[in-house]
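The values are calculated or read from the model by the stated rules, or taken from the named source; none is laboratory data. Bear in mind the structure is a predicted one, so any value in this text is a computation, not a measurement. Glycine also receives a Cβ, built like all others from the backbone with ideal geometry; neighbour counts cover every protein chain displayed. Accessible surface areas use protein heavy atoms only, side chains included; no ligands, DNA or RNA. Shrake-Rupley method; radii C 1.70, N 1.55, O 1.52, S 1.80 Å.
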Amino acid sequence: MPLNPASDAFLETLTKALPADTIREAEPRFQEEPRGRWTGAATHVAMPRTTEEVATLVKLANEAQVGLMPYGGGTGLVGGQIAPSEVTKPLLVSLERMTKIRAVYPDENVLVAEAGAILSTIQDAAVDVDRLFPLSLASEGSARIGGLLATNAGGVNVLRYGNARELCLGLEAVLPNGEIWHGLKRLRKDNTGYDLRNLLIGAEGSLGIITAASLRLSPRPAKTGTAMLVVSDPTAALSLLSLARSTFGETISAFELMHRTGMDFLAETLPEVRLPFADIPEWTVLIEIGVSGGLDPQEALETLFGEALEQELVSDGLIAQSEQQAQDFWAVRERIPEANRMIGAVSSHDISIPLSAIPAFIPEGIKRLEAVGAFRVNCFGHVGDGNLHYNVFPAPGHSRAEHEHQRDDIKRVIHDLVHEMDGSVSAEHGIGRLKVKDLERYGDPAKLSAMRAIKAALDPKGIMNPGAVLREGTY
């Protein structure tokens, strides 16, 4: 059924029902997204302070059949937080006033935070009780936990700690009819029927608005070690990963693969970033381990390097001798996306591939792209969990604008190959609006049917983040 716009009359109803200053005109920041592909059409934003206020505005929106668009930190890369012009003018809902750390239970390894809490604030609160909240990504200084859970964010530590889904024990959320679900349990075991927590995590606000979460903490590693190792190709990188797992077990926090193109881009656009090698290698692996007391991570990495050298898996390497050097290594990895933006990608792909298929996928993708045109590929990512960022750029001397008309063809080539190799066209960024067609093209029919049935049952009027994940009118 068609939605109604957030009219003046509807906004007046909300203004009367909610505390002063809850409903505001939407600032320019609410109309923008990091890649600049969409401009928002929503004119107003609601900024509730409590879960009860969220419930009130959702109930009224449901009655008026007005679309609601939850807004976290605005860092999403697939347009889930933007209302483009083709969407009937919705009301944005920002939880940036709901930032409390409600409780910390160090002995239980649990922290309860409101959805508007910024990730770095949660990390700091965990450190204050000598614990670790391991979700970590480049936008952690602005990304909010509600949005991170709604998109099931990944980041650099998935290999050891899992995605956001694995780091959440319970949720509080407002469902599309305005009902509050009080699911903030701190339990590891709870088999009382359907798991609404896992249903809402990754739903991108299309089934309700997360207002708070019980988060799983971990002991802080006594010591960490970081190394940058040179490998000949992705096959050697995967063999190195296998060796590292045999050596370190579950102490590997991160295992990142980087192609020289990323470092070339850094040298061209961000010369202040210290590159670890004078001559940029073709392929590099960044590995981090966290160990308990009594173990020396540097010695452990030296042992790994020696064994890998004997097996001809690595040809060179550096082991960080200080915290600053470790930070410098990580700066290389974390600033590649920034350099990518400055160079200007024609098409970016957040994909996951079965580990054993990665060495074949990378060159096959380049080969198939040749049928479309002349491009450069910057391949990097969390190869320990199969997540690659496979980004396509113009050839040197050419601009992204020259290839705008080929973006869909490029994406089709890469995503078709991903599908052939039994991978996923969205590893950690979600579906949003960018990949709705991809979900329809590559998604399992039975899964899509079940998703549409769930959406229709929980949100029959379709008010929750209309047009995100599932196309309007398909449920």
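Cβ under 13 Å from PRO281's Cβ, PRO281 left aside: what net charge do those residues give with Lys, Arg +1 and Asp, Glu -1? Walk me through the intermediate numbers first.
Values: positive: ARG260; negative: ASP233, ASP264, ASP279, GLU282, ASP316.
Spelling it out: positives minus negatives among the neighbours equals -4.
How much net charge surrounds ARG144 when only the other residues with a Cβ under 12 Å from the Cβ of ARG144 are counted, with Lys and Arg +1 and Asp and Glu -1? Present the calculation step by step, with values, prior to reporting the outcome.
Working: positive: ARG97; negative: GLU96, GLU114, GLU140.
Result for the neighbourhood of ARG144: -2.
Net charge dipole, the range 370-475: roughly 420 debye, given to the nearest 20, about the Cα centre with Cβ charges of +1 for Lys and Arg and -1 for Asp and Glu.
Between GLU310 and ASP124, residue separation times 0.36 nm minus the direct Cα-Cα distance comes to 62.9 nm.
Proximity of backbone amide H atoms, modeled 1.01 Å from N, is registered between LEU132 and SER218, ARG220 at under 5 Å, excluding neighbours fewer than 5 places apart on the same chain. Database remark: amide H of GLY170 closer than 5 angstrom to the amide H of SER214 (H placed geometrically; neighbours at sequence offset of 5 or more, or on other chains; Pro and chain starts carry no H).
Probe radius 1.4 Å, ligands and nucleic acids ignored: give me the carbon and sulfur share of the accessible area of the chain as a rounded percent. Please report the intermediate quantities before stating the final value.
Values: 9930 of 20110 Å².
Carbon and sulfur atoms account for 49 percent of the accessible area of the chain.
For the pair GLU302 and LYS185 in one chain, pulling the backbone fully straight at 0.36 nm per residue adds 37.8 nm over the alpha carbon distance.
Taking the Cα centre as origin and putting +1 on Lys and Arg beta-carbons and -1 on Asp and Glu beta-carbons, what dipole magnitude results for the range 63-193, to the nearest 20 debye?
140
Of interest is the spacing of the C-alpha centroids, which for the range 338-353 and the range 33-54 amounts to 26 Å.
Converting phi to 3J(HN,Hα) with the Karplus coefficients 6.51, -1.76 and 1.60 and the offset θ = phi - 60°, the range 209-214 yields 10, 5, 10, 6, 8, 8 Hz in sequence order, with x at every glycine or proline.
What the Kirkwood sum gives for the range 311-390 is a hydrodynamic radius of 14.9 Å, with every pair of different alpha carbons counted. If the label point is 7 Å along Cα→Cβ of THR247, which residues in the range 155-177 have backbone nitrogen under 19 Å from it? Hits in the range 155-177 for THR247 at 19 Å: 159-160.
Think of the chain as having a plus end and a minus end, set by charges on the Cβ of Lys, Arg, Asp and Glu; of SER424, ILE201, PRO19, PRO19 sits farthest toward the positive end of this dipole.
Summing +1 for each Lys or Arg and -1 for each Asp or Glu among the other residues whose beta-carbon sits under 12 angstrom from that of ALA55 gives -3.
Strictly greater than 24 Å: what percent of every Cα pair in the range 56-205 meets that? The partial results should precede the final answer.
Values: 3651 of 11175 pairs.
Cα-Cα pairs of the range 56-205 separated by over 24 Å account for 33 percent.
Residue-wise HN-Hα couplings along the range 355-366, as the Karplus relation 6.51 cos²θ - 1.76 cosθ + 1.60 with θ = phi - 60° gives them from phi, are 3, 5, 8, 4, x, 7, 5, 4, x, 5, x, 4 Hz; Gly and Pro carry x. 3J(HN,Hα) couplings calculated from phi for the range 156-163 with the Karplus curve 6.51 cos²θ - 1.76 cosθ + 1.60 (θ = phi - 60°) are, in sequence order, 7, 9, 4, 3, 9, 10, x, 6 Hz; Gly and Pro show x.
Take the Cα radius of gyration of the chain and divide it by 2.2 N^0.38 Å, N being the number of residues; the result is 1.00.
With unit charges on the beta carbons (Lys and Arg positive, Asp and Glu negative) and the dipole taken about the Cα centre of the chain, which residue among LEU68, SER315, HIS259 sits farthest to the positive side? Among LEU68, SER315, HIS259, the one farthest towards the positive end of the dipole of the chain is LEU68.
Whole angstrom only: what separates the Cα centroid of the range 243-294 from the Cα centroid of the range 415-463? Value for the Cα centre distance between the two parts: 33 Å.
Projecting the Cα positions of ILE410, LEU169, PRO337 onto the charge dipole of the chain (unit charges on Cβ atoms of Lys, Arg, Asp and Glu, taken about the Cα centre) puts LEU169 furthest along the positive direction.
Averaged per residue, what accessible area in Å² does the chain show with a 1.4 Å probe, protein chains only?
Values: 20110 Å² over 475 residues.
Result: 42 Å² per residue.
Fully extending the segment from ILE366 to GLU12 would add 122.0 nm, taking 0.36 nm per residue of separation and subtracting the current Cα-Cα distance. Under 5 Å between amide hydrogens, built in the peptide plane, is the criterion, and for LEU68 it picks out LEU91, MET464, ASN465 among residues at least 5 positions away or on other chains. Each Lys and Arg adds +1 at its Cβ and each Asp and Glu adds -1 at its Cβ; summed about the Cα centre, the chain shows a dipole of about 1460 debye.
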